[in-house]
1. With the requirement that a residue be without any contact (Cβ under 8 Å) to a residue 60 or more places away in the chain and more than 22 Å from the chain's Cα centre (by Cα), what does segment 102-133 give you?
2. Can you tell me which residues in segment 62-80 are modelled with pLDDT under 90 and touching a helix residue (DSSP H, G or I) at 6+ places or on another chain (Cβ under 6 Å)?
3. Go through 179, 175 for me and flag whichever is farther than 20 Å from residue 121 by Cα, hydrophobic (A, V, I, L, M, F, W, C), buried (at least 23 other Cβ atoms within 10 Å of the Cβ) and touching a Pro at 6+ places or on another chain (Cβ under 8 Å).
4. Can you pull out every residue in segment 217-231 that is surrounded by fewer than 20 Cβ atoms within 10 Å (Cβ to Cβ) and either free of Cβ contacts under 8 Å to residues at least 12 places away in the same chain or not aromatic (Phe, Trp, Tyr) (or both)?
5. Would you be able to tell me the number of residues in segment 1-26 that are within 22 Å of the chain's Cα centre (by Cα) and in contact (Cβ under 8 Å) with a residue 60 or more places away in the chain?
Amino acid sequence: MTHAKNFLFTDTKRLVTSPQFMCSCAAFAICSIVGILDEIVMLSDSSVFYLYTVYFYYPFWILCLLFSVIPAITGFFSEWENCYYRCLVMRTGKKAYAITKMISCFVSSACVVAVGQGLFILALCARGPVFLPTDIDTLSGSIYEGLINGTDIWQYFVIRILLQAFGAGFFSVFALFIATKLENIFVVLASPIILYYLIENLSALFKLSGFLSIPKLLKGASDIKGGPWLVLLYAGIFFISITVAVGIAYYFSLKRRMNNA
């Protein structure tokens, strides 16, 4: 148990301090800015709140699912290429190794989104006001209505970022599962985006409510009643639950790959 705890700490620390992590955060922030560059140029007097809200109507936000998995997936492939995973399994056991990799993958991916979005918002703050009086009616009638003011606007940013972070954690564990099946790292890195669009199309086809629609929860567009913090709590439980489900499949797939290695 002690070895597993130490491995979890060191593996997570290794991921969030790696060059891949730093580059992923910076690249995500830069791509986010590029994604709404037209809005920034055309509406030079717009607020950070407006630009960040409009940002989710552009396709560049989906890149969070790509950049967030880079540190964990490249680390996983590296361990298997140099067979270092065998030393880790000998010290911790197969089950502890699998669970540790899943948790560190989830955490590092969530951190990429949190840091990348934080840098993105800070960059927007450097060019204009965070909130303008004209923004008050922008999300009238939505779950965020009570936060759209000069005092609580930062809660709005935090909730939207955390919703993405939880979602990215789930998709990263799915990519980890795919990594146990395929040896092409580029396909594995792209798998979260492929899965997202598949889920989005199925959600539209079956007209899933905000309680079950992953795209709506991820983009903060859920119609769950009770306020934004309740939505965040529900989304956190929801994404962690489906992550555990995918994690079980990942564990058995990883165990099978180890036995065949």
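1. Passing the criteria: 126, 133.
2. Once the filter is applied, which keeps residues that are modelled with pLDDT under 90 and touching a helix residue (DSSP H, G or I) at 6+ places or on another chain (Cβ under 6 Å), segment 62-80 yields only 79.
3. So the residue among 179, 175 that is farther than 20 Å from residue 121 by Cα, hydrophobic (A, V, I, L, M, F, W, C), buried (at least 23 other Cβ atoms within 10 Å of the Cβ) and touching a Pro at 6+ places or on another chain (Cβ under 8 Å) is 175.
4. As a first pass, look at segment 217-231 and keep what is surrounded by fewer than 20 Cβ atoms within 10 Å (Cβ to Cβ): 219, 221, 223-227, 229-230.
Within segment 217-231, 219, 221, 223, 224, 225, 226, 227, 230 qualify.
5. Residues in segment 1-26 being within 22 Å of the chain's Cα centre (by Cα) and in contact (Cβ under 8 Å) with a residue 60 or more places away in the chain: 10 in total.
The values are calculated or read from the model by the stated rules, or taken from the named source; none is laboratory data. Only a predicted model underlies this, so the values are computations on that prediction, with no experimental measurement involved. Heads up, the Cβs are rebuilt from the backbone with ideal geometry, glycines too, and the neighbour counts pull from every protein chain shown.
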